[in-house]
Amino acid sequence: MTRVWQWNRPVTVREVLEDLQRERSIAYTTVMTVMDNLHQKGWVRREVDGRAYRYTAVSTRAAYSAALMNEAWSRSDNPAAALVAFFGMMSAEQREALQDAMRIVAPTFPEPPPDPAHGGPPADGTPPEAGR
């Protein structure tokens, strides 16, 4: 998948093979099998181009990473503790990226309802003075 994401366009088995062969020896059939497996799993789609297929990633690498993180987090029996542990593992650069991401998405989150336990008005909408 890394190679398909790096190319960022439809690629053939031959292109991926030649790219991989710069680093190591690998057989055409091995790359073809992996690309077919990725197609069968729904990670790439393919279109016929002459006698070959051109493969395209179904999602971005960022979306795939986000799905993995969400899956791991949702399997936790204590999601808050999992997040705290995850944040504790982050490098300074990762924490900065998280802060940047929060600034981007914060406007899309609705304001939480007031919490009477922490000085906000009661949830039923009655003014705070009504209870005095």
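The values are calculated or read from the model by the stated rules, or taken from the named source; none is laboratory data. The model shown is predicted, which means the values in this text are computed figures rather than measured ones. Cβ atoms come from the backbone with ideal geometry, glycine included; neighbour counts cover every protein chain shown.
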Segment 13-54, subset of a type in the set (Val, Ile, Thr) and over 24 Å from the mean Cα position of the chain (by Cα), residue surrounded by the fewest Cβ atoms within 10 Å (Cβ to Cβ): Val48
Flag if Ala57 is at pLDDT below 90 and surrounded by 11 or more Cβ atoms within 10 Å (Cβ to Cβ): no
Ala67 being outside the structural domain of Phe87 (by TED's automatic domain parsing), surrounded by fewer than 15 Cβ atoms within 10 Å (Cβ to Cβ), modelled with pLDDT of 90 or more and among the aliphatic types (A, V, I, L, M): no
